Amino acid sequence: MHSPARSNRAYRNVARILRPILLVVTKRDWHGAENLPTDRGFIVASNHMTNVDPITFAHYLWDNGFAPKILAKSSLFKVPVVGGVLRGTGQIPVYRNSAAAADSLSAAVAAIAEGECVAVFPEGTLTREPDLWPMAGKTGVARLALTTRAPVIPLAQWGAQDLLGRYKKLLKPIPPKKVTVVTGPPVDLDDLYGRPLDSATLREATDRVMDAITALLEGVRGEKAPTARYDMRKPVPPGQDRVGGDHATKPELP
């Protein structure tokens, strides 16, 4: 297949390695590519269940003609090999809780202005929801969307967690795992444009994005998500950890 027009040499070289592997270890059930804009830069926002789903996410976008610029935590850029791949393919580091945090937004805004597909995981980390439903998102996606007024395309994926479980390090490539990815129409944020970017506006926009992702995932899974979305900012009930297990211990990711 032809590489996306906006891919650079490093991106194409990485795809030559990873794509054949993914074609062997996954069975792809992909839908909704008609919702991906072809005439302007845009944002794709996805749920996040496992450390492998950025790759299956990128595979979907690549095969549909886009070389996504993924917002990834800055610490990954310091990891040998991984950091070189991220820098070479033009991914965007996210500097959390630092004076450089605004640089991430600026880089993403510039990429969208240049017509790029910018990919984000609004939850900011792997979901802690016990049944892998999307949890409350962080407001970075809202700030980016309302600053650029770029379309926000919701994306839901399911099945990547069977290839690599949440918090797990060992891949399970045999037998090949079905990975479903579906995108929906742009999230309607028109009434929020021009409003002050205060906490209420940002939270409203973020909730709309997470609602759209969750609705897509409900369709994929054939079941309803919990009425109350899991929120890491709220106190944890006694006897439970952040993923809902009784007296269990799970590592907190940064």
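Please treat every number below as a calculation from the coordinates, not as lab data. Small disclaimer: the values here were computed from a predicted structure and weren't measured. Because the Cβ atoms are built from the backbone with ideal geometry, glycine has one as well, and the counts that use them run over all protein chains shown.
Only loop residues by DSSP count here, and only those with at most 13 other Cβ atoms within 10 Å; note down the trypsin sites (Lys or Arg not before Pro) in the stretch 119-150 that meet that. Kindly include the intermediate steps, with their values, before the conclusion.
Details: sites: R128, K138, R143, R149; in loops: R128, K138, R149.
Sparse-neighbourhood loop trypsin sites (Lys or Arg not before Pro): R149.
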Using alpha carbon centers only, the stretch 216-233 is separated from the stretch 63-79 by a whole-angstrom value of 26
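Quick check: net charge around A110, other residues with Cβ under 12 Å of its Cβ, Lys/Arg +1 and Asp/Glu -1? Present the calculation step by step, with values, prior to reporting the outcome.
On the way: positive: K69; negative: D103, E114, E116.
Net charge in that neighbourhood comes out at -2.
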I want the local charge near A67. Using Cβ-Cβ distances under 10 Å, sum +1 for each Lys or Arg and -1 for each Asp or Glu among the other residues.
+2
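Charges only on Cβ, +1 for Lys and Arg, -1 for Asp and Glu: so what's the dipole of the chain about the Cα centre, in debye to the nearest 20? Intermediate values should be presented prior to the final figure.
On the way: 33 positive and 25 negative charges, 212 e Å.
Result for the chain is approximately 1020 debye, rounded to the nearest 20.
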What distance in nm separates the simple spin-label points at Y167 and R9, each placed 7 Å from Cα in the Cβ direction?
4.3
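Treating only the Cβ atoms of Lys and Arg (+1) and Asp and Glu (-1) as charged, compute the dipole magnitude of the stretch 135-183 about its Cα centre; round to the nearest 20 debye.
Numbers: 9 positive and 1 negative charges, 36 e Å.
The dipole of the stretch 135-183 has a size of about 180 debye.
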Given backbone amide H placed at 1.01 Å from N, residues whose amide H is under 5 Å from that of G124, ignoring those fewer than 5 places away on the same chain, are K138
Sequence-distant or interchain residues sharing an amide H contact under 5 Å with K177, placed H: which?
T26, K27
Under the span-like rule (Cα at least 30 Å along the axis, Kyte-Doolittle mean at least 0.0), DSSP H helices of the chain:
199-221
Taking the simple approach of a point 7 Å from Cα along Cα-to-Cβ for both D198 and I17, what is their distance in nm?
4.9
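When the chain is fully extended, how far beyond the present Cα-Cα distance does S75 get from E223, taking 0.36 nm per residue of separation?
On the way: separation 148, 0.36 × 148 = 53.28 nm, distance 3.57 nm.
My answer for the length gained is 49.7 nm.
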Given 0.36 nm per residue, what is the gain on full extension from A33 to K234 after removing their alpha carbon distance, in nm?
68.8 nm
At most 14 other Cβ atoms within 10 Å and a DSSP loop assignment: could you name the GluC sites (Glu not before Pro) in the stretch 94-133 that fit?
E114
Considering only the other residues whose Cβ falls under 14 Å of the Cβ of V120, what net charge follows from Lys and Arg at +1 and Asp and Glu at -1?
+2
Hey, what do the phi angles of the stretch 184-192 turn into as Karplus ³J(HN,Hα) couplings, whole Hz, using 6.51/-1.76/1.60 and θ = phi - 60°, x for Gly and Pro?
x, x, x, 6, 7, 10, 4, 6, 9
Kindly put I174, I70, I55, I213 in sequence by how many other C-beta atoms sit within 10 Å of each C-beta, fewest to most.
I174, I55, I70, I213
